[in-house]
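Just below is one structure, and these are the notes that go with it.
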Amino acid sequence: MNTEETHLKGCFVISPKLHHDDRGFFFESYNKKDFEKAIGQTVNFVQDNHSVSNKGVLRGLHFQTGDFAQAKLLRVIKGSVLDVCVDIRPNSYTFGQYFSIILDNIDHKQLFIPRGFAHGFLVLEDDTIFNYKCDNYYSKNHESGLLFNDPALQIDWNFPLNNIILSEKDKQLPTFESLLK
C-alpha cells in the first residue's frame, strides 16, 4: 500500500496494491498491522457502515462530539463519490480547512480521517456503494454536523447545488461559525 498524508495533519490517502490477472484483480483492503505502520498510530476499528446512494445524494457533513468522536477509514465498493473532510480541531493550524478527493471503484483509494473532522460525501453515480470503518460507536446523543454549503468553508462540490439531494436533517445542520461559540 502507498500512503500519502494530505495537507490536513493525520488525514491520509491510501492506495492499495492491485494484483491483476486473467481472472480479474485482488487487493487487500485492510491489514491492521500495515495500516497502523503507514499512518504511525494505533486505531481500533469497532464498527463498519455501509450505504447505497444515487447520483446527487450528499450525506454530511457529519461528526460525533466529545468521547464519541470517530476516526474513519473510507472507501467506495461500487461507483464514485466526492469525499470531503473538514478539520474542526480548534487547536489545529488547518482548523476550518477542507480536503476533498474522488473515491471510486477504479483505483480503490481510501481516505483515513482522524478524530476531530467533519465528513461528508457527494455521490457521483447511481447505485454507489460506500463503506467505512469507525473507531468508536455511533451515539445519537453525540451526533452533529455542519451545513454542506456554508460560505465560510468554501467547499467546491463541483456539482450543481440545486441538483444535490439532502436529508431533512442535513438541511438543518448548523454553520461553521457555531463551532466558534
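Just so it is clear, none of the values below were taken in a lab; they were calculated from the coordinates. Keep in mind the model is a prediction, meaning the values are calculated, not measured. Counting neighbours? That spans all protein chains shown, and the Cβs are built from the backbone with ideal geometry, glycine included.
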For q values of 0.26, 0.28 Å⁻¹, compute log₁₀ I(q)/I(0) with the Debye formula on a Cα-only model of the range 1-45, without solvent. -0.97, -1.05
Calculate the FRET efficiency for ASP107 and LEU161 from the Cβ-Cβ distance with a Förster distance of 35 Å, rounded to the nearest 0.05. 0.80
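Using just the helices of the chain, give the 222 nm mean residue ellipticity in deg cm²/dmol: DSSP H runs with n ≥ 4 each add -39,500 (n - 2.57), and the total is spread over all residues, rounded to 500.
Numbers: 2 runs with 12 residues, N = 181.
Computed mean residue ellipticity for the chain: -1500 deg cm²/dmol.
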Return the equivalent ellipsoid semi-axes of the range 11-168 as a descending list in whole Å, where each equals the square root of 5 times an eigenvalue of the C-alpha gyration tensor. 24, 21, 14
Nitroxide proxy distance, nm - points 7 Å out along Cα→Cβ at GLU143 and ASN54: 2.2
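Stretched out fully, how many nm does the piece from GLU168 to SER29 gain, at 0.36 nm a residue minus the Cα gap?
Numbers: separation 139, 0.36 × 139 = 50.04 nm, distance 3.32 nm.
Contour length minus the Cα-Cα distance gives 46.7 nm.
Can you give the extra length, in nm with one decimal, that the chain gains between GLN97 and THR175 once fully stretched, where that is 0.36 nm per residue apart less the Cα-Cα distance? Before the final figure, lay out the partial values.
Working: separation 78, 0.36 × 78 = 28.08 nm, distance 1.40 nm.
Full extension of this stretch gives 26.7 nm more.
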